[in-house]
Every structure is written in structure tokens, then in C-alpha cells.
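Input: a single structure, listed below in C-alpha cells.
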Amino acid sequence: MQHVNNCKGLLIIFTEITELKRLQIELERQAYYDELTQIFNRRAFFQKCEQQFAAAKEFSLPFTVILIDIDYFKKVNDTYGHDVGDQLLMHVVNVCQRQLEEGMLFARYGGEEFVLALKGSTVLEGEALANQLRQQVETQALVTDEGVISVTLSSGVVEATKGEEETLYQLLNKADKALYSAKREGRNQVHVYVGA
């Protein structure tokens, strides 16, 4: 008869998770923040804005969106180079952030375009804020090694229509129409969307 030794033991495995956690945080940062300006990117904006928009609808709160575009940005890039263009983007973001309140959703929408979502704000409040941002940016030129660069903004503002089944994409499309109306009429101005 054979005897089998049953050895009982405990195997302990230690895993270094600090590096894993750091990588996870870095991946989240890359997924939701614009690399240059360090504000929310388009993906993060849509994710967070959909939630705020749904909450505003549920509680019958006003909801306003502002699309902001840096006027003649391509000309700055073509004249001074992309490095100065990047400085200008960061400058505009810094000036705008100083004017914004907690809870306002501010993101880089793409290129030289930014977006603001204001849950609980009317179109009149949105228009006033857009004008405030426009004036602040206009009065604070960017000082670079290449010289002083003046900058202006054009904006389109729209408020969600109460009682309508409007999507966030439809709302942004209306803000875009108002923005292009401001650009067509000479730039450095704020236009509110007026129904078709």
C-alpha cells in the first residue's frame, strides 16, 4: 500500500498595483481631456452633457449651449506657426476659465472651437456670458516672442426648447447655425439662434 503525502500550503502572490493604477488614471485622462488645453475633450463633453441635458429636461430647467470659435485662427497658424497657434488656444482657454463658474461644462469641441453647456441658465444668461468671454478675450492680447497677437471670438447661443423632444445634437446644430451667422456678419460677436 502506497502512502501519498498530502501537502497543504498557502501560496501568496504580491502584485504591484501602483503602476497599474497610474496607467489607468493616465488612460482616463487621455480619453476625456484635451491634451493641449487640459480641459474636457469632445468625447467627455458629450458624455457629461447628455447627463446634464437629461437632468435639465427631467426637472424642467433651462439648458443653454454656447459654441465659441476663435476668429481667424488659421491666419495665426499660417503667419506665426503652430507653436504660437497652440499658445493662443491655451491663452483663450485660460481667459475663459477665469470667467466661468463651477458646474459650467467647458470643453474643446475641435480645432479652434469650444463649447459651453449651462444647465439652469436661460438663453439671455448664456448670451451675457458669451459676450463677457468675448470682451475679456478681446481686451487680453497674447504676448509671444513673435509679438502681441490680438484675438476675438464669435459665438452662437441656443436654449433647449421646453416641451420638445430635442436631442443634444439638434441643439448643437442650432448653436452652430447661430455661430456661423455671427461669423458671416463680421465676427467678434454673439448671435442667439432664432428658429428657422
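The values are calculated or read from the model by the stated rules, or taken from the named source; none is laboratory data. Please read all numbers here as calculations on a predicted model, not as lab measurements. Here the Cβ is made from the backbone with ideal geometry for all residues, glycine too, and neighbour counts use every protein chain on show. Accessible surface is based on the protein model in full, side chains and every heavy atom, while ligands, DNA and RNA are left aside. Shrake-Rupley method; radii C 1.70, N 1.55, O 1.52, S 1.80 Å.
Rg(Cα) of the range 81-196 divided by 2.2 N^0.38 Å?
Values: Rg = 14.8 Å, N = 116, 2.2 N^0.38 = 13.4 Å.
My calculation over the Cα atoms of the range 81-196 gives 1.11.
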Checklist line | Calculated from backbone phi, Karplus (6.51, -1.76, 1.60) coupling profile of the range 70-85 in Hz, x at Gly/Pro | finding: 7, 5, 6, 4, 4, 5, 5, 4, 5, 7, 10, x, 5, 4, 5, x
Check: Percent of accessible area on the range 1-117 owned by carbon and sulfur, 1.4 Å probe?
Finding: 53
Note to self: Quick check: Cα centre of the range 55-121 to Cα centre of the range 128-196, how many Å?
What the structure shows: 9
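Listed highest first by mean packing, meaning other Cβ atoms within 10 Å per residue, what order do 66-75, 150-159 come in?
Working: 66-75: 19.7, 150-159: 23.4.
Highest-to-lowest ranking by the protection proxy: 150-159, 66-75.
Any idea of the accessible area per residue across the chain, 1.4 Å probe, to the nearest Å²? Don't skip to the end; give the middle numbers.
Working: 12170 Å² over 196 residues.
Value for the chain: 62 Å² per residue.
What does the net charge come to around ASN41 if you take all other residues with beta carbon closer than 9 Å to its beta carbon, with K and R at +1 and D and E at -1? Show your work: numbers first, answer last.
Numbers: positive: ARG42, ARG43, ARG108; negative: ASP34, GLU35.
After counting each charged neighbour, the total is +1.
Using alpha carbons only, what's the Rg to Rh ratio of the chain with Rh from Kirkwood?
Numbers: Rg = 23.7 Å, Rh = 18.9 Å.
Reported Rg/Rh (Cα atoms, Kirkwood Rh): 1.25.
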